[in-house]
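Right, one structure below, let's go through it.
None of the figures in this text is laboratory data; all of them are computed from the coordinates on show. Not measured: the values here are computed from a predicted model. Heads up, the Cβs are rebuilt from the backbone with ideal geometry, glycines too, and the neighbour counts pull from every protein chain shown.
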Amino acid sequence: MDKETWTTVQEAIDEGQELSFDYKGEEWWISRVDGELSFLLTRSSDSYTQYFKTAEELYTKGMIEGKPFIERIEEL
């Protein structure tokens, strides 16, 4: 994902939009819980879900195959 696309994705996440993306053939989702200030990172294949209080926490602590989400951006 290039820098311009990443900026657009960050804005969508901050606005609470639900997003899906593929990483190595697996579908993942970023979503929010209605009425709560929480962010979810979910792997579709087994519904494995990670919960975060902020988008920034999701970026730095959300793990995809042993690496933080933010470190996987270029691979998406």
Trypsin sites (Lys or Arg not before Pro), restricted to the chain: which are DSSP loop and have at most 13 other Cβ atoms within 10 Å? Lys24, Lys53
Difference of contour (0.36 nm per residue) and Cα-Cα distance, Gln50 to Thr5: 13.9 nm
For Rg/Rh (Cα atoms, Kirkwood Rh), the listed values are (i) 1.64; (ii) 1.01; (iii) 0.92; which was obtained by calculation from the structure presented? (iii)
Write out the GluC sites (Glu not before Pro) in segment 1-68 meeting two conditions: DSSP loop, and at most 14 other Cβ atoms within 10 Å of their Cβ. Glu15, Glu18, Glu36, Glu65
Going by amide H atoms built from the backbone, whose H comes under 5 Å of the H on Thr54, apart from near neighbours? Phe39
Relative contact order %, segment 3-75, counting alpha carbon pairs below 8 Å whose residues are six or more apart: 18 percent
Eligible aspartates and glutamates near Lys67 by straight Cα distance, threshold 19 Å, same-chain separation 8 or greater: Asp2, Asp22, Glu26, Glu27, Asp46, Glu56, Glu57, Glu75
Straight-distance crosslink candidates among lysines, where the alpha carbon sits under 17 Å from Lys61 and sequence neighbours closer than 8 are dropped: Lys53
